[in-house]
Amino acid sequence: MSLTNENFSVALGSGGARGLAHIGILKTLKQNGINIEALSGTSMGAVIGAFFAADKLEEAEEYYRSLKVSDVIFNFDPVFPSSGLINGKKVMQLLRDVIGDIYVFDTKIPFYPVATELDTGEWVVLQDCKLWEAIRASISIPGLFKPFKIKGKYYVDGGITNPVPVNVLKERHEKTKTIAVNLNLKPTDYKRAWIKETDNETSFLLNKFPRLKKIAKKIGINGIRNKKEKDPNILHVLNRTFHIVQYELAWRSLEFDKPNFLLTPNLSDVVFIEFHKAAKSIAEGERVAREFVESLKN
């Protein structure tokens with residue numbers, strides 16, 4: 001039974017592990033009869049959007065809920081840094097196992113994954129490629145994942161140019177009501193500082209990957225932080241900078257291309273790599289979606 005006769009399109013924003021909130025949001029909207037006509041997605045929003053558009057959201061939820069810390073570590077495949085620290089092949093194989101080799105334009109509903117073309121610096125909607133290829137391009141965080149090549153062009157994370165792609169939907173589905181999901185909170189809102197003592201976590205990660213440990217040592221990261229040292233290391237600086245840029249871009253773009261509805265899950269204590277906290281992120285997505293559904297009833 002449909003709650004409303006309106007058709008909706010949903011723009012799913014970037015946010016790393018916080019993006020698992022998209023699962024809770026899409027599931028709750030569907031359960032309450034909200035008709036989703038189309039989706040756009042950037043970075044983790046592209047990942048979850050792809051699962052939904054391919055009618056594989058249940059499988060995605062089951063997989064992410066099963067993740068442990070060791071699984072998260074295993075799914076990252078470090079390489080000697082030429083253009084990124086992580087190859088991304090393991091992550092993509094997991095996606096291909098679930099969604100197969102379908103093309104973007106073959107999904108159950110229209111889906112528009114967004115990536116950034118490296119040469120031009122412009123955001124691009126990927127359509128004429130395999131769905132898993134579009135996802136891999138959209139999640140290519142600069143410096144972390146290697147850029148991904150599709151038909152002779154290199155792509156990086158869509159979040160650096162279009163973190164909440166509302167405009168993509170407005171251009172193509174202007175008769176629908178647009179729901180935007182923004183996971184980019186103010187930098188000062190996060191309960192867990194990016195600049196913090198991480199001795200145990202860093203040592204565990206580096207010990208799992210000897211090659212990465214050797215590289216990290218060369219740039220001054222050895223897993224043992226000098227207690228007297230107050231300056232952030234390079235990883236903290238990169239993470240913090242990327243978040244600040246995404247926050248500024250997201251809110252400015254939302255001011256320019258205003259959605260009909262804006263959902264902002266509060267996951268201030270979930271760091272972008274904490275995929276093993278799926279239950280928390282999904283539950284927060286369910287919460288904000290229920291609030292939205294209730295607002296439609298009033």
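The values are calculated or read from the model by the stated rules, or taken from the named source; none is laboratory data. Small disclaimer: the values here were computed from a predicted structure and weren't measured. Please note that ligands, DNA and RNA were not included when accessible areas were found on the heavy atoms of the full protein model with its side chains. Shrake-Rupley method; radii C 1.70, N 1.55, O 1.52, S 1.80 Å.
How do ARG287, ARG65 rank by accessible surface area computed with a 1.4 Å probe, from largest to smallest?
Values: ARG287 85, ARG65 110 Å².
Sorted by accessible area, descending: ARG65, ARG287.
Sorting GLU62, GLU291, GLU274 by accessible area (1.4 Å probe), largest first, what list results? All intermediate terms of the calculation are to be shown ahead of the outcome.
Values: GLU62 130, GLU291 110, GLU274 20 Å².
Result, largest first: GLU62, GLU291, GLU274.
Report ³J(HN,Hα) in whole Hz for each residue of segment 171-185, in order, from the Karplus equation J = 6.51 cos²θ - 1.76 cosθ + 1.60 where θ = phi - 60°; Gly and Pro get x.
Taking θ as phi minus 60°, the curve returns 6, 10, 9, 5, 8, 8, 7, 9, 10, 10, 10, 10, 9, 8, 7 Hz for segment 171-185.
Listed here are the pairs LYS108/LYS277; LYS27/LYS151; LYS186/LYS258; LYS146/LYS170; which of them are more than 23 Å apart at the Cα?
Values: LYS108/LYS277 29 Å; LYS27/LYS151 34 Å; LYS186/LYS258 19 Å; LYS146/LYS170 31 Å.
Cα-Cα > 23 Å for LYS108/LYS277; LYS27/LYS151; LYS146/LYS170; rest within.
For SER40, enumerate residues with amide H under 5 Å from its amide H, sequence gap 5+ or separate chain, H modeled in the peptide plane.
VAL10, ALA11, LEU12, TYR112
With a 1.4 Å probe and all protein chains kept in place, how do GLU6, GLU58 rank by accessible area, largest first?
GLU58, GLU6
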